[in-house]
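Here is the structure we will look at, set down as structure tokens.
The values are calculated or read from the model by the stated rules, or taken from the named source; none is laboratory data. Model, not experiment: these values are computed from the prediction. Please note: Cβ atoms are built from the backbone with ideal geometry, for glycine as well, and neighbour counts cover all protein chains shown.
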Amino acid sequence: MHPFLDSAADLLLGATCPGCGIPGWGVCRGCRAVLDEAPGGVFVLADGLTVSWARAYRPVLEHVIPRYKDDGALHLERLLGGLLAEAASALGDDPPTLVPVASLPRAVRRRGFDHARRLTARAARRTGLPWRPLLRRVNGGSDQAGLSRSARRDNVVGTMRARPFAAPVLIVDDIVTSGATLREARRALEISGVRVVGAAVIARVDNLAPRAAKG
């Protein structure tokens, strides 16, 4: 019955799996199986920030995440929020408060929603952890797509400010490439006296061509 419904969805709605393009609504079983076959892990950035990641960016999430945040495919939020919750649950025994990385205001206006906040709220519901939007952008910075590692670092330095907060926090974002955005978020939080216990992301981008990454 499912193949018939998937074909009907493709015919009537133009619906396809964002991961592989076959007819259907949402991520297909095949792409979910690919995701489940390769769970993520934990690594440490050069400055000592521990990052938990749920899955690799390729080959599925490189299509799913842009479809969600750039094309407004909000039905993918359940899957992505669940993966973020998985990554957030992998760090530490002291329950932290989840803090989303601050999005570029012009990107939020273009998309019509703040993807980082929505995914954080979804992950918070799944984990039972609190969340607070403590970070904000204070100056430009541009999209990270197409930038080298050093350019990514220079592009985000000084772009965030944070409100003081008494409890330990876990920074969350959709993807990590060079780690520049996570390091800037940590810098802003620690300047405000906030204790950062680590970071959690949906996907880790490894050996990615500069054209594709935005985080």
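Going through (1) at pLDDT below 95; (2) crowded, with 16+ Cβ neighbours inside 10 Å; (3) over 20 Å from residue 176 (Cβ atoms) one by one, residue 132 falls short only on (1). Run residue 97 past the list (1) at pLDDT below 95; (2) over 15 Å from residue 202 (Cβ atoms) and report the number of the one that doesn't hold. The failed condition is (1). Residues in the range 102-116 that are among the aliphatic types (A, V, I, L, M) and free of Cβ contacts under 8 Å to residues at least 12 places away in the same chain: 108 only. The residues in the range 57-84 that are small (Gly, Ala, Ser) and within 12 Å of the chain's Cα centre (by Cα) can be counted, and the count is 2. Flag: residue 55 does not match the condition of being surrounded by fewer than 14 Cβ atoms within 10 Å (Cβ to Cβ), touching a residue at least 24 places away in the same chain (Cβ under 8 Å) and in contact with a Gly (Cβ under 9 Å, 6 or more places away or on another chain).
When residue 159 is tested against (1) exposed (fewer than 15 other Cβ atoms within 10 Å of the Cβ); (2) touching a strand residue (DSSP E or B) at 6+ places or on another chain (Cβ under 6 Å); (3) modelled with pLDDT under 95, only condition (1) is not met.
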